[in-house]
Every structure is written in C-alpha cells, then in structure tokens.
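Please treat every number below as a calculation from the coordinates, not as lab data. What you see is a predicted model, and the numbers here were worked out from it, not measured in a lab. Positions of Cβ are generated from backbone atoms using ideal geometry, with glycine treated the same way; all protein chains shown enter the neighbour counts.
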Amino acid sequence: MSDPDPSQSSHLAYELPDDERPSTASPVEGVLESQTPGTSAAREHDPYAAWRHRGYRWYSAGWMVAVIGYQMQAVAIGWEVYDRTRDEMALGWLALIQAIPVLLLALPAGHLADRFDRRKIVFYTAILQGLCGLGLAWLSYRPGSLPWMFALMGLTGMVMAVGRPARSALLPQVVPMSVFNNAVTWNSSIFEVSSMVGPALGGAVIAWSVRSAYLLDGVCALIFGIFVLFITARPVDSKSNTGSIWSNLMAGIRFVWKKEIILATITLDLFAVLFGGATYLLPVYAKDILHVDEFGFGLLRAAPAIGAFAMALLLAHLPPMRRAGRNLLVAVALFGVATIVFGWSRWFWLSMGALVAAGAFDNVSVVIRHTLVQVLTPDEMRGRVSAVNQVFIGASNELGGLESGLTAKWFGPVASVVGGGIGTLAVVAAAALCWPKLRRFGSLHDATPH
C-alpha cells in the first residue's frame, strides 16, 4: 500500500506515501484547518476547500506532473529489466537497490526537513531526480549498460529518500490548518490520477521507445522543481529540533513509538505491503501468464490507480469517517482478498478488476494513515515523523518487491502473489488483536496534535 515516489511519493499520496505505492511513499500529504481539528464547532463540508488556495494549486499541478513521469519510468525500467534478463530475481534486485537508500537516509532526511527550508529541499531534489531520468535515457541506448542503470536507480532512490520527508511535511505549510483532511484526500486523488495516466501512457510510450519514457520522466521532474518556486510556505518553528543530531534523528522514532495509533497504522501498512504487493511481478504476469503486450502491461500498472482514484473522489465528497480504525482494518483485509484473486486469475479482465479493487481498498488505508500521521504530529516534528513513516512505508514497497522476486523465483509467481494475499489477511488479524485502540478509533475529524 504504496509510495512509488516519486514520491514517494507519496507516496502515505506518495506516499509521498509514502511517495512510492500510494500508501506508499505516498503522495497524500495535507494540512489541518484554520481551526484546530477536534473542536466541536461544525462547518458545512466543502469538498473543494483545498483548491481554493493558490499554493496548493501550484503544488498539486507540479506533483501530478512529477508522478506521471515517475510512473512512466517505473513501467519502463521494469519492462526493460525483465525483457533483458527474463529473470524474476532481477526485478527483486531492482526493488532492493531502491529500498537501501530509504533505510539509510530517511531519518537524516527527516532531520533536514525540520531544520532547513523544506521548499528548497523539494526543489533541489526534484532537479536531481530529473537529471537521473535523463541519465537513464542515455544509458538505455548503450549495450551492456544494465549494471549502470541499476546504479542510477539507486541514486534516484537516494534523491527521493532525501526529498520525500520535506515534500510530505511541506503541504501543512501551504494550506490553512482547517483543510488538512480535505487536502490529504485530494492529494490522494492527484496521485491516483497520475498513477493511472502514467503507466497507461508509459505502456504506449515504451511500445514505441523505452528511452522516451526515461526522457519524459526527467522533464516532468524538472517541471515539478520549477513549480515549487511559485509556492509560498509558512515558516516552521524548529524549536524542538535543537540538541545533538542523534537526538533529533531519534525524536521521530520516540514520538511514533509513544503514539500507539500512528505506530499501529504504519505497522499494519508495512506488513500488508510487504506481503501483499504484486506490482513488481506485473512484468512476469504480463509476459508469461496473461500474454499481453506493452500496452496491456501499462493497463495492468494503471489498474490499481483507477480504483484508488474512484475511491479518493468518493472519500473527498463524503464527511470525515466516523469509524476510521474499523474501516482501515476492513480495507486492508479486502486488499488482501483482491490480491489473492489477481494471483489466481488467468483472464486479463478479471486481473484488471482485481487490481482496480485492490487500488480502491488501498486508497482507504492511505488516506486514513497519512491523515493521522500528519494531524497527530506537531508541525515542528512533521519532517522527522514523516521520515519514520517513509522507512515503514517507502521501504516496504521495495522490500516487498524483493520478497516477491525471491518467492517467485523459488515457488513461482502465482504462489508468490496468492501467498502474499493470505499473509495480508493474517497481518490484519494480528493488528486487530494487538492494538484494540485501532479497532475503536473514531472520526478523523476529531484527531488532534499531541
């Protein structure tokens, strides 16, 4: 429950989620409202509240372009690696090389996001990510360049790991406190639209030229960097970000550990994505099981985003959830069921439907998790807490890809995906038993910073 990032994302968004699976890296970031969440004063629900702010419009437009570009790159690199190697494990190594930077750099990146200008961090990392995309386009023309392409994907992962906490924590400075939940939901919609358009467009582009997908990704990232310059962000009080670097790095971990609801939601997402993600095996399913071409592969990559976008639109027009904890557990369980259906399917359209359903249920998880992570965290700590969230969610996307590659190599792709879906159901049951507060958690609108 991803955070392709390009965020991440967002990914968690993306996630950024975190940047990366919508849960992922998730890409769904937002801010609180002009009035502190949790007050009893009720207002008429405005589904378009976030769009009434100029900074959010610039942020959203740039983020949409960047995610479309990154999704095209993800389609291209997965297709090219499997086309060159015909080895599921190569896809696992590709996932691992993107996970390592997240594990190593997420916490220092969160410290930077709370210490320095988040807008500048997002700008510079977007520019560097654009240059990496252009580098992939150049390497793809050269024979025997696959090891160098893996190295450049690792560099891309480093850049995204540094930029994602700043991007996740930036949006609370862009819109008023009163529209946080609305901004989170619309950011999820933006990420899912981009994740729907990007893979479908990427499939069409790689049918013509794989290199063009990398080139377009580089251009899109550069556009996002330029758009960030037009955003005006409120300053952040970094009073809690004093003392030693080590104490600041650990502050986000201590906060998450003490805040049981945040710990429960991100842990649930971590293991659900680790076991239930089938994204990295889509090239195998497209070529060897469903027997579709590049465009069909692009449609498969876009399918989860189609479902997530439909769900995000629905959530944006509904009032805040009254029983968010229960809804989270149910949504993750249904995500596991959809994963099992996809794993068994041999019919393209059934596979598409299962992926659409998985994306819809995953989006519920993304919105709840990212809203709670941002709303329950004081503004001066959002960078560090977002970094912890990135470690849980962003790394789980790529480590889930490694797990999928390994199990597919040992037991076959079908056993890998179906077993992962069953594992997701077991994770939901364990989370419900271990964290009773999660089951009983009520409205997102009543969540307040601690």
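Quick rundown of the values:
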| item | result |
| --- | --- |
| Neighbour-count order for 247, 365, 188, fewest beta carbons within 10 angstrom listed first | 247, 365, 188 |
| Relative contact order of the range 315-379, pairs being alpha-carbon contacts under 8 Å that are 6 or more residues apart, as % | 36 percent |
| Loop-located trypsin sites (Lys or Arg not before Pro) in the range 305-360 whose Cβ has at most 11 other Cβ within 10 Å (DSSP) | 346 |
| Sequence-distant residues sharing a close amide H with residue 178 (under 5 Å, placed H) | 33, 34, 35 |
| 15 Å beta-carbon shell around residue 138, net charge (K/R +1, D/E -1) | 0 |
| Residue exposure sequence - 72, 153 - by fewest surrounding Cβ within 10 Å | 153, 72 |
| Fewest-first sequence of 433, 299 by Cβ atoms within 10 Å of each Cβ | 433, 299 |
